Amino acid sequence: MSRVGKKPITIPKGVDVQVAGSIVTVKGPKGSVVTPILAGVSVEKKDGFLNLVRGGEEKKDKALHGLNRALLQNAVLGVTDGFKREIDLVGIGFKAEVKGKNVVFSVGFSHQVTFPMPDGIKVDVKPDAKAKDITHVIVTGVDKQKVGQTATEIRGIRPPDPYKLKGFRFVGEILKKKAGKATGK
């Protein structure tokens, strides 16, 4: 039995869950998320809880049981609390600003980089109060996968340089600085 899959998902107040075949729609105060249920697993809704029941005992069925439960739990958390990823722009002169549905980055290239915001994702830009040369970018939304994908695409614009550690990095990310070129005999 999947330890993750057998845990019931509590449906908080203000959240509406609709089960229609292999698609579950979760609506809450922050928005709505549509989650497809993968084959071999069915969803039962009763008494304010969601329970997932798998159809077989094969290894694939057991794996999908836990995966589907985690996806539904993330949908419920997303519509109640939302998800966020934070990115620091580390470098002198690195700037970002929101212009309509785009985020414009000035990060040391000969041109500005324009990043279009996907639907359902909000990007905020704030200067860091502690350090003058760091800009803080906050990506928020209700879909955990979309938030993570958008944050990774933003980080990919200017990944951290391994020698000077300048570039975009996630908050809390630990980077290892490489030694410079050593002079030899």
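The values are calculated or read from the model by the stated rules, or taken from the named source; none is laboratory data. Computed from a prediction, not measured in an experiment: that's the story for all the values here. Don't worry about glycine lacking a Cβ; one is built from the backbone with ideal geometry, like all the others, and counts go over all protein chains shown. Side chains included, ligands, DNA and RNA excluded: accessible areas come from the protein's heavy atoms. Shrake-Rupley method; radii C 1.70, N 1.55, O 1.52, S 1.80 Å.
Can you work out the base-10 log of I(q)/I(0) for segment 1-84 at q = 0.17, 0.20, 0.21 1/Å, using the Debye formula on its C-alpha atoms alone?
Debye intensities relative to I(0), on a log10 scale: -0.62, -0.84, -0.92.
May I ask for the longest run of the chain untouched by chymotrypsin sites (Phe, Trp or Tyr not before Pro) that are loop-located per DSSP and have at most 16 neighbouring C-beta atoms (other than their own) within 10 Å? Display every interim value, and only then the final one.
On the way: sites that count: 109, 163.
The answer is 1-108.
Of 179, 66, 110, which is farthest along the charge dipole of segment 50-185 in the positive direction, counting Lys and Arg as +1 and Asp and Glu as -1 at C-beta?
Result: 179.
Enter the angle in degrees (range 0 to 90, nearest 10) between the Cα long axis of helix 144-155 and the first principal axis of the Cα atoms of the chain, meaning the one along which they spread out most.
So the inclination is approximately 10 degrees.
Please return the longest range in the chain lying between exposed loop sites, taking GluC sites (Glu not before Pro), DSSP loop only, at most 15 other beta-carbon atoms within 10 Å, and leaving the sites out.
Longest stretch, sites excluded: 59-172.
Treating the angle as unsigned and between 0 and 90°, give the value, to the nearest 10°, between the Cα long axis of helix 59-80 and the longest Cα principal axis of the chain.
So the inclination is approximately 70 degrees.
Give the residue from 167, 120, 19 lying farthest towards the positive end of the charge dipole for the chain; charges sit on Cβ (+1 for Lys and Arg, -1 for Asp and Glu) and the dipole is referred to the Cα centre.
167
Filter the cross-link list 132/166; 6/84; 27/95; 99/132 down to pairs whose alpha-carbon distance in this structure exceeds 24 Å.
From 132/166; 6/84; 27/95; 99/132, over 24 Å: 6/84; 27/95.
Given Cβ point charges of +1 (Lys, Arg) and -1 (Asp, Glu) and nothing else, what value in debye, to the nearest 20, does the dipole of the chain about its Cα centre take?
In total the dipole reaches around 740 debye.
In debye to the nearest 20, how big a dipole does segment 69-130 give about its Cα centre with +1 on each Lys and Arg Cβ and -1 on each Asp and Glu Cβ?
My answer is approximately 60 debye.
Quick check on the chain: helices-only [θ] at 222 nm, where DSSP H runs of length 4 and up contribute -39,500 (n - 2.57) each and the sum goes over total residues. Nearest 500, please.
Calculated mean residue ellipticity at 222 nm is -6000 deg cm²/dmol.
Of all trypsin sites (Lys or Arg not before Pro) in segment 112-176, which ones are in loop regions per DSSP and have a Cβ with at most 12 other Cβ atoms within 10 Å?
Values: sites: 122, 130, 132, 144, 146, 155, 164, 166, 169, 176; in loops: 130, 132, 164, 166, 176.
Answer in residue order: 130, 132, 164, 176.
For the chain, report the accessible area per residue in Å² (1.4 Å probe, heavy atoms, rounded to an integer). Mind showing how you got there, number by number?
Numbers: 11540 Å² over 185 residues.
Accessible area per residue: 62 Å².
So for the chain, what percent of the C-alpha to C-alpha distances run longer than 22 Å?
Values: 9783 of 17020 pairs.
For the chain, the share of Cα pairs beyond 22 Å comes to 57 percent.
Select from segment 1-83 those trypsin sites (Lys or Arg not before Pro) which occupy a DSSP coil region and have at most 12 other Cβ atoms within 10 Å, ordered by residue number. Please list the in-between numbers first.
Values: sites: 3, 6, 13, 27, 30, 45, 46, 54, 59, 60, 62, 69; in loops: 3, 6, 13, 30.
In loop regions of segment 1-83 (DSSP not H, G, I, E or B), the sparsely surrounded trypsin sites (Lys or Arg not before Pro) are 3, 13.
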